[in-house]
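Each remark here refers to the structure printed beneath this line.
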Amino acid sequence: TIVARVISAGNISNVVTVTSIENDTNASNNGDNITNITSLPIVDLQISKEVNVTSGFVNVTDLIKFTITVWNNGPCDASGVIVAEALNSNLELVSCNATVGGYDGYTWNVGSLANQSGAVLTIVARVVSTGNISNVVSVKGVENDTNASNNEANITNITSLPVVDLIVTKTVNSTVANVTDLVEYKIVVVNAGPCDATGVNVTENLSPFVKLHKAQTDVGYYDNSTNIWYIGDLSVDKPVVLTLTVQIIANGTVENSVSVTSRENDTNKSNNNDTIPNITA
């Protein structure tokens, strides 16, 4: 009884013969053979995926780098190796680099992968919208894979947060006025995006040398008791205007500044404030 291990792919055939010193009267049964056996290759493809985000949060417009590694644990060479890698809908492909084969945005065609060898794909993607970013990659080849448990990999889910760029400007129709004169302030707020803004408020503290005569706005409302223009939600590239008419009530230098805030992270705070030229009353 012989026990043998199959060590390579191919055709397995075997013939045995028997002889002795004496004359064998029937040589027709002195040989025998097995029915040919086909030895098929097997592999153990393994895949892993890493992402350069450790906090679990990213902002819209951020760049994320994914590193995908495929390894063939053998014992045979693998062929027709394909990795399914479809980016999350909140991402867009910026660049990619593969040590073997090519990536088209959905599939990495690795091709052949020798026993005990690997390949790496690096993907850089831009976050284009808010939401949950999840990702699963899988690998398969032509040969029978003896361990399917390591053919998939996924990243820890990432939350994409909205960002905005709120811009506030303020103008005045006169820099010299008399007591009892009416002066008009015009405040314009625009959201340069890339996301819609929510909870937008403009702080507009009036000078003690003036009192509010009239407030007009095309969105939200101005509360004179809190000195806040409550805008609410503000879509991208849709400016809104508040016109304040104030009356000069005392002599002096009338100063005025405004500032805008929202719930979202503002990527450019340098344009969140504005001031008017001082008014001499």
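The values are calculated or read from the model by the stated rules, or taken from the named source; none is laboratory data. Quantities reported herein were computed from a predicted structural model and do not represent experimental measurements. Neighbour counts run over all protein chains shown; Cβ positions are idealised from the backbone, glycine included. All accessible areas refer to the heavy atoms of the entire protein, side chains included, with ligands and DNA or RNA removed. Shrake-Rupley method; radii C 1.70, N 1.55, O 1.52, S 1.80 Å.
Summary of values
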{"read-out": "Failed criterion for Gly131 (all others in (1) surrounded by 15 or more Cβ atoms within 10 Å (Cβ to Cβ); (2) touching a residue at least 60 places away in the same chain (Cβ under 8 Å); (3) of a type outside the set (A, V, I, L, M) hold)", "value": "(2)"}
{"read-out": "Some residue of the stretch 3-12 being crowded, with 16+ Cβ neighbours inside 10 Å, touching a strand residue (DSSP E or B) at 6+ places or on another chain (Cβ under 9 Å) and in a strand (DSSP E or B)", "value": "no"}
{"read-out": "Scope the stretch 161-185; condition open to solvent by 60 Å² or more (accessible area, probe 1.4 Å), more than 17 Å from Asp237 (Cα to Cα) and within 39 Å of the chain's Cα centre (by Cα); matching residues", "value": "Leu161"}
{"read-out": "Qualifying residue in the stretch 74-84 (condition: within 18 Å of Val124 (Cβ to Cβ) and modelled with pLDDT of 90 or more)", "value": "yes"}
{"read-out": "Subset of the stretch 82-112 (residues that are touching a Ser or Thr at 6+ places or on another chain (Cβ under 8 Å) and within 25 Å of Pro41 (Cα to Cα))", "value": "Ile82, Val83, Ala84, Gly111, Ser112"}
{"read-out": "The stretch 219-236 - residue that is among the hydroxyl-bearing types (Ser, Thr, Tyr) and surrounded by fewer than 17 Cβ atoms within 10 Å (Cβ to Cβ) and, of those, farthest from Thr280 (Cα to Cα)", "value": "Ser235"}
{"read-out": "Asn88 being assigned to a loop (DSSP other than H, G, I, E, B), more than 25 Å from Ser160 (Cα to Cα) and of a type outside the set (D, E, K, R)", "value": "no"}
{"read-out": "Selected residue (criterion: surrounded by the most Cβ atoms within 10 Å (Cβ to Cβ)) from residues of the stretch 237-281 that are part of a loop (DSSP other than H, G, I, E, B) and without any contact (Cβ under 8 Å) to a residue 60 or more places away in the chain", "value": "Gly252"}
{"read-out": "Hits in the stretch 211-236 - residues which are free of Cβ contacts under 8 Å to residues at least 12 places away in the same chain and part of a strand (DSSP E or B)", "value": "Tyr221, Asp223"}
{"read-out": "Failed criterion for Val188 (all others in (1) of a type in the set (A, V, I, L, M); (2) farther than 30 Å from Gly232 by Cα; (3) open to solvent by 30 Å² or more (accessible area, probe 1.4 Å); (4) in a strand (DSSP E or B) hold)", "value": "(2)"}
{"read-out": "Long-range neighbours under 7 Å by Cβ, at least six apart or interchain, first residue over 16 Å from Lys65 (Cα atoms) within the stretch 80-99, second not in a strand (DSSP E or B)", "value": "Gly80/Gly141; Gly80/Val142; Val81/Gly141"}
